[in-house]
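A short worksheet on the structure shown next.
All of the numbers you see were taken from the coordinates with simple rules; none came from a lab. Here the structure is a predicted model, which means the values were calculated and not measured. Neighbour counts run over all protein chains shown; Cβ positions are idealised from the backbone, glycine included.
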Amino acid sequence: MTDRIEVLATASEDIMRWLELGTAYFLVALFGIGVFDLGLSLAELMLTGQFTDPSAVIDLIDTVLILLIIVEVFQTVIAFSRDEPVTRIVITAALIAIARKVITFRPGEFGSTEDALISAVTFSLLLTVLIGGFYIVRQADPIPFLPGRRDSDDESTSQPSGEV
């Protein structure tokens, strides 16, 4: 009975890994579509002469930040499937998401000044907490996390490339 449970557990773990990789490929496709859309939007702004419109520029920045969030989510999925730490990646993605909200913040879109103020204070609080969390994680592990890098990888043991 225990062997059968172990076989089923192993099979479910394999299926989960394949689903994680499928999610990663979906994010790659989504990123590609987003970059193509960004290029079209930029070309449209240049052709229509609206590239100096602050609202249009903010919309472009919003699209770029969404693409960066997709990259961070992709890195999270890959790191998770490799059983690597994801805390720093998740905090970075959250920082980008909050920065996006702050950059695209338009008080006129709220029903009242009080609603806009509550939203602004909430964004400020979230940003402060995330920066604090990022600082703590960075102090705990000062070596920058790179996807695919294992703890056993050490820059001091790498062979020189011969470049000056």
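For this structure, a couple of remarks:
- Put simply, when 32-40, 103-111, 122-130 are sorted by average Cβ atoms within 10 angstrom per residue, most first, you get 122-130, 32-40, 103-111.
- Cβ-Cβ FRET estimate between Ala56 and Tyr25, R0 fixed at 25 Å, reported to 0.05: 0.20
- Cα-based radius of gyration of the range 9-103 once divided by 2.2 N^0.38 Å, which approximates compact folds: 1.36
- Calculated FRET efficiency for the pair Ile136/Arg106, C-beta based, R₀ 30 Å, to 0.05: 0.40
- Between Met1 and Thr48, residue separation times 0.36 nm minus the direct Cα-Cα distance comes to 10.0 nm.
- Descending semi-axes in Å of the chain, equivalent ellipsoid built from Cα gyration tensor: 36, 22, 22
- Helix runs (DSSP H) in the chain reaching 30 Å along axis by Cα, Kyte-Doolittle at least 0.5: 2-48, 54-81, 113-140
- Our helix-only sum for the chain, with -39,500 (n - 2.57) per DSSP H run of n ≥ 4 divided by its residues, gives a mean residue ellipticity at 222 nm of -26500 deg cm²/dmol.
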